[in-house]
Amino acid sequence: MNNVARILIDSVYWASLRSDSGSAVGVPQALWDLFSASSEDAAEAAYWRIDNEVIVQGQLHEAAVPTLEILLCMAVSVPSGAVRRTVAELIQQMVFGQPHPSEMALGNSDIASECQRLARGAIWVFYDWLSDGDSDVRQLAILILRKVEPDARRWALVMGVRREVDKAEGVQRIFSEIDRGLY
(Lines give C-alpha, C1' and ligand atoms only; values in the text may rest on other atoms or scores of the structure.)
Protein backbone atom coordinates (compact mmCIF):
# COMPACT_ATOMS: atom_id res chain seq x y z
CA MET A 1 0.00 0.00 0.00
CA ASN A 2 1.35 3.41 -0.84
CA ASN A 3 2.03 5.83 2.01
CA VAL A 4 -0.55 8.36 0.85
CA ALA A 5 -3.31 5.77 0.97
CA ARG A 6 -2.24 4.72 4.46
CA ILE A 7 -2.34 8.36 5.60
CA LEU A 8 -5.76 8.82 4.00
CA ILE A 9 -7.11 5.72 5.70
CA ASP A 10 -5.75 6.86 9.06
CA SER A 11 -7.15 10.39 8.58
CA VAL A 12 -10.76 9.19 8.52
CA TYR A 13 -12.71 8.63 11.71
CA TRP A 14 -14.37 5.46 10.39
CA ALA A 15 -16.32 4.69 13.55
CA SER A 16 -18.40 7.82 12.97
CA LEU A 17 -19.35 6.89 9.39
CA ARG A 18 -22.55 5.03 8.62
CA SER A 19 -22.35 1.64 6.95
CA ASP A 20 -24.65 -1.32 6.58
CA SER A 21 -23.70 -2.67 10.01
CA GLY A 22 -24.09 0.77 11.56
CA SER A 23 -20.44 1.84 11.73
CA ALA A 24 -17.60 1.60 9.22
CA VAL A 25 -15.06 0.77 11.92
CA GLY A 26 -14.00 -2.41 10.07
CA VAL A 27 -13.47 -0.79 6.67
CA PRO A 28 -9.85 0.38 7.22
CA GLN A 29 -8.66 -3.14 7.99
CA ALA A 30 -10.55 -4.49 4.98
CA LEU A 31 -8.84 -1.89 2.76
CA TRP A 32 -5.41 -2.77 4.18
CA ASP A 33 -6.16 -6.45 3.67
CA LEU A 34 -7.24 -5.80 0.09
CA PHE A 35 -4.12 -3.90 -0.85
CA SER A 36 -1.86 -6.47 0.76
CA ALA A 37 -3.73 -9.47 -0.67
CA SER A 38 -1.41 -11.99 -2.27
CA SER A 39 -4.06 -14.29 -3.67
CA GLU A 40 -7.43 -14.24 -5.39
CA ASP A 41 -9.08 -15.63 -2.23
CA ALA A 42 -7.56 -12.95 0.00
CA ALA A 43 -8.63 -10.17 -2.40
CA GLU A 44 -12.14 -11.60 -2.60
CA ALA A 45 -12.44 -11.88 1.18
CA ALA A 46 -11.44 -8.22 1.56
CA TYR A 47 -13.83 -7.26 -1.24
CA TRP A 48 -16.81 -8.73 0.59
CA ARG A 49 -15.86 -7.01 3.85
CA ILE A 50 -15.88 -3.66 2.01
CA ASP A 51 -18.88 -4.38 -0.21
CA ASN A 52 -21.04 -5.62 2.68
CA GLU A 53 -20.43 -2.37 4.55
CA VAL A 54 -20.30 0.54 2.12
CA ILE A 55 -22.34 -0.60 -0.91
CA VAL A 56 -24.84 -3.34 -0.34
CA GLN A 57 -26.80 -4.49 -3.39
CA GLY A 58 -26.10 -1.24 -5.19
CA GLN A 59 -27.05 0.99 -2.25
CA LEU A 60 -24.41 3.38 -0.94
CA HIS A 61 -23.81 4.25 2.68
CA GLU A 62 -22.01 7.33 3.98
CA ALA A 63 -18.70 5.43 4.25
CA ALA A 64 -18.67 4.88 0.47
CA VAL A 65 -17.22 8.33 -0.26
CA PRO A 66 -13.98 8.06 1.78
CA THR A 67 -13.68 4.40 0.77
CA LEU A 68 -13.84 5.40 -2.89
CA GLU A 69 -11.27 8.15 -2.34
CA ILE A 70 -8.84 5.56 -1.02
CA LEU A 71 -9.60 3.06 -3.78
CA LEU A 72 -8.96 5.78 -6.37
CA CYS A 73 -5.68 6.69 -4.69
CA MET A 74 -4.59 3.07 -4.87
CA ALA A 75 -5.93 2.51 -8.40
CA VAL A 76 -2.92 4.25 -9.88
CA SER A 77 -0.34 1.91 -8.39
CA VAL A 78 -2.13 -1.36 -7.70
CA PRO A 79 -0.56 -4.10 -9.84
CA SER A 80 -2.56 -5.98 -12.42
CA GLY A 81 -4.17 -9.14 -11.13
CA ALA A 82 -6.64 -10.05 -8.42
CA VAL A 83 -6.21 -6.85 -6.40
CA ARG A 84 -6.67 -4.53 -9.39
CA ARG A 85 -9.70 -6.53 -10.50
CA THR A 86 -11.18 -6.22 -7.02
CA VAL A 87 -10.47 -2.49 -6.84
CA ALA A 88 -12.04 -2.02 -10.28
CA GLU A 89 -15.13 -3.99 -9.23
CA LEU A 90 -15.59 -1.90 -6.09
CA ILE A 91 -15.15 1.37 -8.01
CA GLN A 92 -17.63 0.25 -10.66
CA GLN A 93 -20.17 -0.72 -7.99
CA MET A 94 -19.80 2.67 -6.31
CA VAL A 95 -20.14 4.78 -9.46
CA PHE A 96 -23.30 2.87 -10.40
CA GLY A 97 -24.67 2.88 -6.83
CA GLN A 98 -27.62 4.76 -5.44
CA PRO A 99 -28.08 6.13 -1.92
CA HIS A 100 -29.37 3.65 0.64
CA PRO A 101 -32.88 4.61 1.84
CA SER A 102 -31.47 5.34 5.30
CA GLU A 103 -29.08 7.87 3.74
CA MET A 104 -31.94 9.45 1.80
CA ALA A 105 -33.93 9.75 5.04
CA LEU A 106 -31.00 11.62 6.60
CA GLY A 107 -30.78 14.02 3.65
CA ASN A 108 -27.61 12.43 2.28
CA SER A 109 -28.97 11.93 -1.22
CA ASP A 110 -25.87 13.20 -3.02
CA ILE A 111 -23.65 10.16 -2.29
CA ALA A 112 -24.05 8.74 -5.81
CA SER A 113 -23.22 12.01 -7.54
CA GLU A 114 -20.24 12.50 -5.21
CA CYS A 115 -18.92 9.03 -6.07
CA GLN A 116 -19.29 9.76 -9.78
CA ARG A 117 -17.55 13.13 -9.35
CA LEU A 118 -14.64 11.48 -7.54
CA ALA A 119 -14.28 8.80 -10.20
CA ARG A 120 -14.41 11.42 -12.94
CA GLY A 121 -11.28 12.90 -11.40
CA ALA A 122 -9.46 9.61 -12.01
CA ILE A 123 -10.72 9.14 -15.56
CA TRP A 124 -7.23 8.62 -17.02
CA VAL A 125 -6.65 5.63 -14.76
CA PHE A 126 -9.71 3.96 -16.27
CA TYR A 127 -8.57 4.77 -19.79
CA ASP A 128 -5.24 3.13 -18.92
CA TRP A 129 -7.09 0.04 -17.66
CA LEU A 130 -8.52 -0.45 -21.16
CA SER A 131 -5.12 -1.98 -21.98
CA ASP A 132 -4.92 -4.20 -18.90
CA GLY A 133 -4.10 -7.86 -19.52
CA ASP A 134 -7.17 -8.93 -17.54
CA SER A 135 -10.36 -8.73 -19.61
CA ASP A 136 -12.44 -8.33 -16.44
CA VAL A 137 -10.54 -5.13 -15.61
CA ARG A 138 -11.07 -3.89 -19.18
CA GLN A 139 -14.81 -4.60 -18.92
CA LEU A 140 -15.06 -2.74 -15.63
CA ALA A 141 -13.08 0.19 -17.05
CA ILE A 142 -15.53 0.43 -19.96
CA LEU A 143 -18.47 0.49 -17.57
CA ILE A 144 -16.87 3.06 -15.27
CA LEU A 145 -16.02 5.29 -18.23
CA ARG A 146 -19.54 4.89 -19.59
CA LYS A 147 -20.84 6.36 -16.34
CA VAL A 148 -18.30 9.13 -15.69
CA GLU A 149 -16.84 10.26 -19.03
CA PRO A 150 -18.22 13.77 -19.67
CA ASP A 151 -16.96 13.98 -23.27
CA ALA A 152 -19.30 11.94 -25.49
CA ARG A 153 -17.11 12.47 -28.55
CA ARG A 154 -14.02 11.13 -26.79
CA TRP A 155 -16.04 8.20 -25.44
CA ALA A 156 -17.29 7.29 -28.91
CA LEU A 157 -13.86 7.61 -30.49
CA VAL A 158 -11.99 5.52 -27.93
CA MET A 159 -14.70 2.89 -27.55
CA GLY A 160 -15.07 2.56 -31.31
CA VAL A 161 -11.41 1.58 -31.51
CA ARG A 162 -11.60 -0.66 -28.43
CA ARG A 163 -14.60 -2.48 -29.90
CA GLU A 164 -12.52 -3.28 -32.99
CA VAL A 165 -9.28 -4.32 -31.29
CA ASP A 166 -10.47 -6.02 -28.08
CA LYS A 167 -12.21 -9.21 -29.13
CA ALA A 168 -12.44 -10.70 -25.63
CA GLU A 169 -15.88 -12.24 -25.22
CA GLY A 170 -16.71 -10.32 -22.04
CA VAL A 171 -15.64 -7.00 -23.54
CA GLN A 172 -17.77 -7.59 -26.63
CA ARG A 173 -20.70 -8.54 -24.37
CA ILE A 174 -20.35 -5.23 -22.51
CA PHE A 175 -20.39 -3.32 -25.80
CA SER A 176 -23.48 -5.27 -26.88
CA GLU A 177 -25.21 -4.46 -23.59
CA ILE A 178 -24.32 -0.78 -24.02
CA ASP A 179 -25.76 -0.89 -27.55
CA ARG A 180 -28.99 -2.32 -26.10
CA GLY A 181 -29.20 0.56 -23.60
CA LEU A 182 -28.48 -1.50 -20.51
CA TYR A 183 -25.78 0.95 -19.40
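The values are calculated or read from the model by the stated rules, or taken from the named source; none is laboratory data. As the structure is a prediction and not an experimental result, all values here were calculated from the model. Here the Cβ positions follow ideal geometry from the backbone for every residue, glycine too, while neighbour counts run over all protein chains shown. Note: areas computed on protein heavy atoms with side chains; ligands, DNA, RNA excluded. Shrake-Rupley method; radii C 1.70, N 1.55, O 1.52, S 1.80 Å.
So in segment 137-183, with the set limited to residues that are among the small types (Gly, Ala, Ser) and out of contact with any helix residue (DSSP H, G or I) (no Cβ under 6 Å at 6 or more places or on another chain), which one is farthest from residue 117 (Cα to Cα)? Once the filter is applied, the top-ranked residue is 176. Is there any pair with a first residue in segment 74-86 that is over 10 Å from residue 34 (Cα atoms) and in a loop (DSSP other than H, G, I, E, B) and a second that is of a type in the set (S, T, N, Q) and open to solvent by 20 Å² or more (accessible area, probe 1.4 Å) whose Cβ atoms are under 6 Å apart and which are 6 or more apart or on different chains, and what are they? From residues that are over 10 Å from residue 34 (Cα atoms) and in a loop (DSSP other than H, G, I, E, B), the pairs are 77/2.
Within segment 46-57, at least one residue is of a type in the set (Asp, Glu) and in contact with a Ser or Thr (Cβ under 9 Å, 6 or more places away or on another chain).
From the list 15, 63, 5, the lone residue that is surrounded by fewer than 17 Cβ atoms within 10 Å (Cβ to Cβ) and either free of Cβ contacts under 8 Å to residues at least 40 places away in the same chain or in contact with a Leu (Cβ under 9 Å, 6 or more places away or on another chain) (or both) is 15. When the residues of segment 43-60 are filtered to those that are hydrophobic (A, V, I, L, M, F, W, C) and touching a Leu at 6+ places or on another chain (Cβ under 8 Å), the one that is nearest to residue 92 (Cα to Cα) is 55.
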